[in-house]
Amino acid sequence: MPENRIFANGLSRRALLRTAVSMPLTSRVLTTQGSFTTVVDSTLDPGTIPKYVTRLEALPAMPMWSSYGGVDYYMIGVRQFSQQVLPSTMPKTVVWGYGSPRNPATFHSPAFTIEAQVGRPVRVMWANQLVDASGRFLPHLFPVDPTLHWANPSGGRQGRDSRPVFPSTPGPYTGPVPIVTHLHGAHVTEESDGYPEAWYLPVAWDIPVGYATTGSYHDRYRAVAADRFGAEWSPGTAVYQYANDQSAGTLWFHDHTLGMSRLNVHAGLAGYYLLRGGARDLPPGVLPGPAPGRGDRAGIRYHEIPLVVQDRSFNRDGSIFFPASRAFTGDTPPTGPFIPASDVPPIWNPDSFGNTMVVNGRTWPVLPVEPRRYRFRLLNACNARTLMLKIVANPLAARPAPAALSWWQIGADGGFLSRPVETDQLLCTTAERVDVIVDFTSVAVGTELFLINEGPDGPFVGGSPGKGLTPADPATTGQVMKFVVTPLSTRDTSVPPAQLSLPRLPPLGPSRRTWRISLTEGNSTSAPKAAVSYRIGTVAADGTPTPLSWADAVTETPALRTTETWELANFTGEAHPIHLHQVQFRVTGRQPLAGGSPGRGPDGGETGVKDTVIAYPNEITRIDARFDIPGRYVVHCHILDHEDNEMMRPIEPGG
Ligand SMILES: [Cu+2]
């Protein structure tokens, strides 16, 4: 059976490497009774999905609830609904998304964009509305592994936010779903940061007796919010306030519930939060625009467009596929033993890769563009996939494909770079944002160009296409979207990117101390090549890693208003995108773990402020960060499958 055929039907390439080539098109799923059953594979062959038949959804601005006293107020619900993610000739997809309850048409996955201004606080009531029409809770769309250290509402107030103990291998958790929302990249006080243990269930009349309805930190932060900005948190909600006292940048929000983020985000809980204005933005008109704004009339032509890129696999009924058993990865015996008979979680898998590319909630969309400059805000919102993005004339060209147009990167994560960087290929791993200009000015009307992906169909270990890296399947995940050049409607008055002068980046000052962080993989004692967790820990004086767990005491207490270095020593075989909350940091360089090399400075796209950085295998990645708000925050890997299984640690700035 050809590789692509197997890959096309929902099995990851990693799984392929570890399973017999004669594997039938069936998969084994764990039933709710905890036993295995073999079912006919129901996944949709991505080769049967027509590409470039659906127009890109530009993602409108999220409507505001009200605005007074210098604060913008939003009420944002989380709901379940159907969306035409696949082309309109195919079934709709049940997703979760954010929206304004006053207008059900605003619910979308990914969310409509929150447009915020520097210096003007935004207050959001985040409401968990995952209930059906009769007020019953909705179970998760995907199988929830209850053996991780996770929110665990069924543990009650004593057992919530724990790793529960089971007498026999459990099936998936099917109870009410907790949510908690994190604004990624925000300079924010702790009660509004979306701490993983500050989750809450929806208000539903059938919540089982004895369940915890909130996480361990919810009550304490409710009191802090009431004290700090007078917000009342009613059941099923949390009210967060974002000061927006940071540079203009490309932020995004997503779910952060302990041990469930991979599932809640995969179901659709992600959206953009664009922060504009202030001293570190460019005057209006310099960059291509406009972007979608609140209350726009229909028919406006946008020249700044957010692009949220995600990989997904679908079932033939249009639903999103997510593995129901560790057998999916194929690195353990398919029938176990699993926890408690071994140390292998029965449902969690080490990395989730989809076989279909989705942009702004549509598979392989097409965007008509004029012969002018466009500003794109790119976000990799995949669970685990690293993207290498290129604009080419032939999407099926042999990899590495020749670029037809270059990217002009002007910003990353939390703000602008020190100068525009021209490049053929953008490397963008999970949670990273890239702010780019593409100049279509000289492209003939009628030309078709393609956004392709040359990143791997599996864990990223470094390298580039043709140099130690096998690019994604050119027929499926190797393609992302299409541009079609249409006649110019109005003159382009934006500044050509080569002539742009970007806002100056103030220096952070010298580093006063170093936090040495280790990244490690925990392997099973029964299946030695199988990862059963990923860890963030410390580094001992002799350079060896000390892996720690979410449950261990805080070991990093950065000083306030002081620049300090974080060394991320990666002892695993794959790259991990490491994210620090509260701060925008500077990448200062990388060095082999073994030493003996002078190392290298940051990549061209890392010369601005960042909140997520790629830590390559067998290297130490160095960043400088300056915290200035005391409280409890987290540092974690943004491969969501890792984050959910121990690759996250609490930190206490000022502690
Ligand atoms: Cu990781």
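No lab work stands behind these numbers, since they all come straight from the coordinates. Just so it is clear, the model here is predicted, and its values are computed rather than measured. All Cβ positions, even for glycine, are placed from backbone atoms using ideal geometry, and neighbour counts span all protein chains on display.
How would you classify region 462-581 from its alpha-carbon gyration tensor, with a ≥ b ≥ c the square roots of the eigenvalues: rounded for a/c under 1.5, else prolate if a/b is greater than b/c, otherwise oblate?
Values: a/c = 3.08, a/b = 1.40, b/c = 2.20.
Oblate.
In whole Hz and in residue order, list the ³J(HN,Hα) couplings for region 630-638 that follow from phi through the Karplus curve 6.51 cos²θ - 1.76 cosθ + 1.60, θ = phi - 60°; x for Gly and Pro.
x, x, 10, 10, 9, 10, 7, 7, 9
Given R₀ = 22 Å, FRET efficiency for ALA398-VAL445 by Cβ-Cβ distance, to 0.05?
On the way: r = 28 Å, r/R0 = 1.28.
The pair ALA398/VAL445 has a calculated efficiency of 0.20.
I want the local charge near GLU432. Using Cβ-Cβ distances under 13 Å, sum +1 for each Lys or Arg and -1 for each Asp or Glu among the other residues.
Details: positive: ARG377, ARG385, ARG433, LYS610; negative: ASP413, ASP435, ASP603, GLU606, ASP611.
Every neighbour counted, the sum reads -1.
Could you check the spin-label model distance between LEU593 and ASP296? Points 7 Å from the Cα along Cα→Cβ, value in nm.
It works out to 4.6 nm between the two label points.
Using the Cα gyration tensor of region 514-651, with a ≥ b ≥ c the square roots of its eigenvalues, what is the shape: rounded (a/c below 1.5), prolate (a/b larger than b/c) or oblate (neither)? Please report the intermediate quantities before stating the final value.
On the way: a/c = 1.65, a/b = 1.22, b/c = 1.35.
Because a/c hits 1.5 or more and a/b fails to exceed b/c, region 514-651 counts as oblate.
Using amide H atoms built 1.01 Å from N in the peptide plane, name the residues 5+ places from GLY415, or on other chains, whose amide H lies under 5 Å from its own.
Those lying under 5 Å, H to H, from GLY415 are THR250, VAL609.
Looking at the square roots a ≥ b ≥ c of the eigenvalues of the Cα gyration tensor of the chain, which shape do they give, rounded for a/c under 1.5, prolate if a/b is larger than b/c, or oblate?
Values: a/c = 1.22, a/b = 1.12, b/c = 1.09.
It is rounded, given that a/c, with a ≥ b ≥ c, falls under 1.5.
Where does the chain land at 222 nm, in deg cm²/dmol rounded to the nearest 500, when only DSSP H runs of n ≥ 4 count, each adding -39500 (n - 2.57), divided by all residues?
Working: 6 runs with 37 residues, N = 655.
Estimated from H runs of four or more residues: -1500 deg cm²/dmol.
Explain nothing, just the number: dipole magnitude of region 514-651 about its Cα centre with +1 on each Lys and Arg Cβ and -1 on each Asp and Glu Cβ, in debye rounded to the nearest 20.
Numbers: 12 positive and 17 negative charges, 56 e Å.
Rounded to the nearest 20 debye, it is 260 debye.
Give the long-range amide H neighbours of THR563: residues separated by 5 or more places, or on another chain, with amide H under 5 Å away, using H modelled in the peptide plane at 1.01 Å from N.
It is ARG512, by chain and number.
Run the numbers on the chain and let me know its relative contact order in percent, using alpha-carbon pairs under 8 Å that are six or more apart.
Reported relative contact order: 14 percent.
Counting Lys and Arg as +1 and Asp and Glu as -1, what is the net charge of the other residues whose Cβ lies under 14 Å from the Cβ of HIS266?
Spelling it out: positives minus negatives among the neighbours equals -4.
Report the full-extension gain for the segment ALA133 to PHE166: residue separation times 0.36 nm, less the Cα-Cα distance, to one decimal in nm.
On the way: separation 33, 0.36 × 33 = 11.88 nm, distance 3.37 nm.
Residue separation times 0.36 nm, minus the Cα-Cα distance, leaves 8.5 nm.
Normalised by the number of residues in region 40-179, what is the relative contact order in percent for Cα pairs under 8 Å and 6+ residues apart? Walk me through the numbers before you get to the answer.
Working: 217 pairs, mean separation 26.5, N = 140.
After rounding, I find 19 percent.
Say R0 is 41 Å: what FRET efficiency, to the nearest 0.05, do ASP245 and PHE81 get from their beta-carbon distance? Can you show the working numbers first?
Numbers: r = 35 Å, r/R0 = 0.84.
Taking R0 as 41 Å, the efficiency between ASP245 and PHE81 is 0.75.
At a Förster distance of 51 Å, what's the computed FRET efficiency of VAL554 paired with SER42, Cβ-Cβ distance as r, to 0.05? Don't skip to the answer; put the middle values down first.
Numbers: r = 44 Å, r/R0 = 0.87.
FRET efficiency, VAL554 to SER42: 0.70.
Please give the net charge around ILE76, taking every other residue with its beta carbon less than 13 angstrom from that of ILE76, where Lys and Arg add +1 and Asp and Glu add -1.
Values: positive: ARG79, ARG102, ARG123; negative: ASP72, ASP255.
Summing Lys/Arg as +1 and Asp/Glu as -1 gives +1.
Run the numbers for ALA540 and ARG316: contour at 0.36 nm per residue of separation, minus the present Cα-Cα distance, in nm. Please report the intermediate quantities before stating the final value.
On the way: separation 224, 0.36 × 224 = 80.64 nm, distance 5.06 nm.
Extra length from ALA540 to ARG316 when fully extended: 75.6 nm.
Across the chain, how many lysine pairs, 8 or more apart or on two chains, come within less than 17 Å at their alpha-carbon atoms?
4
Output ³J(HN,Hα) for region 213-229: one whole-Hz value per residue in order, computed from phi by the Karplus curve 6.51 cos²θ - 1.76 cosθ + 1.60 with θ = phi - 60°, and x for Gly and Pro.
Running phi through 6.51 cos²θ - 1.76 cosθ + 1.60 with θ = phi - 60° gives 9, 9, x, 4, 9, 5, 5, 5, 6, 4, 5, 5, 5, 5, 6, 7, 9 Hz.
Charges on Cβ only, +1 for Lys and Arg, -1 for Asp and Glu, centred on the Cα centroid of region 292-439; of VAL421, ALA341, PRO365, which one is farthest towards the dipole's positive end?
PRO365
Using the crude model of +1 on Lys and Arg Cβ and -1 on Asp and Glu Cβ, and no other charge, please compute the dipole size for the chain relative to its Cα centre, in debye to 20.
Numbers: 56 positive and 57 negative charges, 176 e Å.
Using only the charged Cβ atoms, the result is roughly 840 debye.
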